[in-house]
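**Q** Next up is a structure, given as C-alpha cells.
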Amino acid sequence: YGAAIPLAQIDTASLTALNTYCAQSFTYTTSGGGSATQARFRFDGVTDTDRSIMDNLQDMASSCDCLIKFNEITAKWGVIVQSPTYTVAMPLDDSNMVSAIQITPLDIAASYNVIECKFPDKNNQDAFNSSTFDLQEIDPSLLFPNEPVNKNSVSLPLVNNDVRAQYIATRMLKAGREDLQVNVQINFEGIQLEAGDIVTITNSNYGWVAKLFRVMKVTEKFASDG
C-alpha cells in the first residue's frame, strides 16, 4: 500500500547503498565509561498510516540522516546517503562555469545550536523520551563568540534507542553550521548533475581550491538557439 510507485521508478541502488551504510557499526562511550558498538541506523517502530506518505518518508529519512530525492530525468525516487565517504561528481572551474558566482551567506548566528530530541521510550509503551543536546558541549569550536542560544526541536518517532537518537542529533547540530550557498551557471556538462551530488569549485577570486559543495538544486535552461 502507499504511493503505488512501480519498481521501475525506484532508485534501488541508492537504497542498497543506504542499507549498507546503516548496517555499519559505530563505537560510543557507555554511561559506565566503557565502550560499545551498535549498528549506525535502524527503524524501531511502525509507520502511522493516518499520516501522509511524504511525512512518513521524512520520518524514515530523519531516522537514518539521509535525504529524499527525485530525479526528473530518470523519473526515479531515491535517497542521498550522507556519509563521510563520497565521490566528487564534477569539478567546477573557469572551464565550465559560464556566469558569475552568486553567494548567499546564511546567518549562522540565527541557526540552532541546541537541539531537543524526542523519541519513543522502548522501556515504556506509548511514552516518549526527551533529551537536549548543546553544541557548546559537543563541539564548541563550531560556535561564534557570544552566539545567542537558539533551540530546535525534532521528533524521531522511528528511533527508540537513546544512543542512536544522540548520534542523529549530533549530526544535525553539526550539519546546521553550513553557512554558504552558491548559485552558478555551468555549460551543458551540468546536465549530468543531480541534487545530492558532491562537486568542487575552484575560483581564484574567492581563494577556493577544490572547495566542496553539495548540489541542492539543478535547473536546466534553454537558450533561444536551443
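**Q** Here are VAL81, VAL98: which of them is over 21 Å from the mean Cα position of the chain (by Cα) and either surrounded by 15 or more Cβ atoms within 10 Å (Cβ to Cβ) or more than 21 Å from CYS66 (Cα to Cα) (or both)?
**A** On the way: VAL81 fails: over 21 Å from the mean Cα position of the chain (by Cα).
Answer to the selection: VAL98.
**Q** With ASP11, ASP93, ASP48 as the choices, which residue is more than 30 Å from PRO145 (Cβ to Cβ) and open to solvent by 60 Å² or more (accessible area, probe 1.4 Å)?
**A** Only one candidate passes the filter, namely ASP48.
**Q** Give the residues of segment 14-29 that are of a type outside the set (A, V, I, L, M, F, W, C), touching a strand residue (DSSP E or B) at 6+ places or on another chain (Cβ under 8 Å) and open to solvent by 50 Å² or more (accessible area, probe 1.4 Å), sorted by residue number.
**A** GLN24, SER25, THR27, TYR28, THR29
**Q** Could we say that GLU137 is modelled with pLDDT of 90 or more and open to solvent by 90 Å² or more (accessible area, probe 1.4 Å) here?
**A** Yes; evaluated as a whole, the condition is true for this residue.
**Q** Can we say ASP65 is open to solvent by less than 90 Å² (accessible area, probe 1.4 Å), over 23 Å from MET172 (Cβ atoms), in contact (Cβ under 8 Å) with a residue 24 or more places away in the chain and charged (D, E, K, R)?
**A** In short, no.
**Q** Is there a residue being assigned to a loop (DSSP other than H, G, I, E, B), open to solvent by 40 Å² or more (accessible area, probe 1.4 Å) and among the basic types (Lys, Arg) anywhere in segment 200-221?
**A** So far as segment 200-221 goes, yes, one or more of its residues are assigned to a loop (DSSP other than H, G, I, E, B), open to solvent by 40 Å² or more (accessible area, probe 1.4 Å) and among the basic types (Lys, Arg).
**Q** Can you find a residue that is surrounded by 11 or more Cβ atoms within 10 Å (Cβ to Cβ), closer than 16 Å to VAL215 by Cβ, touching a residue at least 60 places away in the same chain (Cβ under 8 Å) and within 20 Å of the chain's Cα centre (by Cα) anywhere in segment 165-173?
**A** No, segment 165-173 contains no residue that is surrounded by 11 or more Cβ atoms within 10 Å (Cβ to Cβ), closer than 16 Å to VAL215 by Cβ, touching a residue at least 60 places away in the same chain (Cβ under 8 Å) and within 20 Å of the chain's Cα centre (by Cα).
**Q** Please list, ordered by first then second residue, the pairs with beta carbon atoms under 6 Å, 6 or more apart or interchain, first in segment 148-162 and surrounded by 18 or more Cβ atoms within 10 Å (Cβ to Cβ), second part of a helix (DSSP H, G or I) and not polar (S, T, N, Q).
**A** Going by the 6 Å Cβ cut-off, the qualifying pairs are LEU156/ALA165; PRO157/ASP59; LEU158/ASP59; VAL159/ALA165.
**Q** If you take the residues in segment 114-130 that are open to solvent by less than 60 Å² (accessible area, probe 1.4 Å) and out of contact with any Lys or Arg (no Cβ under 8 Å at 6 or more places or on another chain), which one is farthest from ARG42 (Cα to Cα)?
**A** Among them, the one singled out is ALA127.
**Q** When segment 186-195 is examined, which residues are found to be under 15 Å from THR74 (Cα atoms) and open to solvent by less than 60 Å² (accessible area, probe 1.4 Å)?
**A** Answer for segment 186-195, where residues must be under 15 Å from THR74 (Cα atoms) and open to solvent by less than 60 Å² (accessible area, probe 1.4 Å): LEU193, GLU194, ALA195.
**Q** List every residue pair whose Cβ atoms sit under 8 Å apart, with the two residues 6 or more apart in sequence or on different chains, where the first one lies in segment 117-133 and is touching a residue at least 60 places away in the same chain (Cβ under 8 Å) and the second, anywhere, is part of a strand (DSSP E or B) and open to solvent by less than 80 Å² (accessible area, probe 1.4 Å).
**A** PRO120/ASN129
**Q** What are the residues in segment 30-45 that are free of Cβ contacts under 8 Å to residues at least 60 places away in the same chain and either in contact with a helix residue (DSSP H, G or I) (Cβ under 7 Å, 6 or more places away or on another chain) or open to solvent by 70 Å² or more (accessible area, probe 1.4 Å) (or both), if any?
**A** SER31, GLY32, SER35, THR37, ALA39
**Q** Could I ask something else about it? Could you run through segment 76-119 and say how many residues are over 26 Å from GLN24 (Cα atoms), of a type in the set (A, V, I, L, M) and at pLDDT 90 or above?
**A** Residues flagged as over 26 Å from GLN24 (Cα atoms), of a type in the set (A, V, I, L, M) and at pLDDT 90 or above within segment 76-119 amount to 8.
The values are calculated or read from the model by the stated rules, or taken from the named source; none is laboratory data. As the structure is a prediction and not an experimental result, all values here were calculated from the model. In this analysis, Cβ positions are derived from the backbone assuming ideal geometry, glycine residues included, and neighbour counts consider all displayed protein chains. The accessibility values were calculated without ligands, DNA or RNA, using every heavy atom of the protein model including side chains. Shrake-Rupley method; radii C 1.70, N 1.55, O 1.52, S 1.80 Å.
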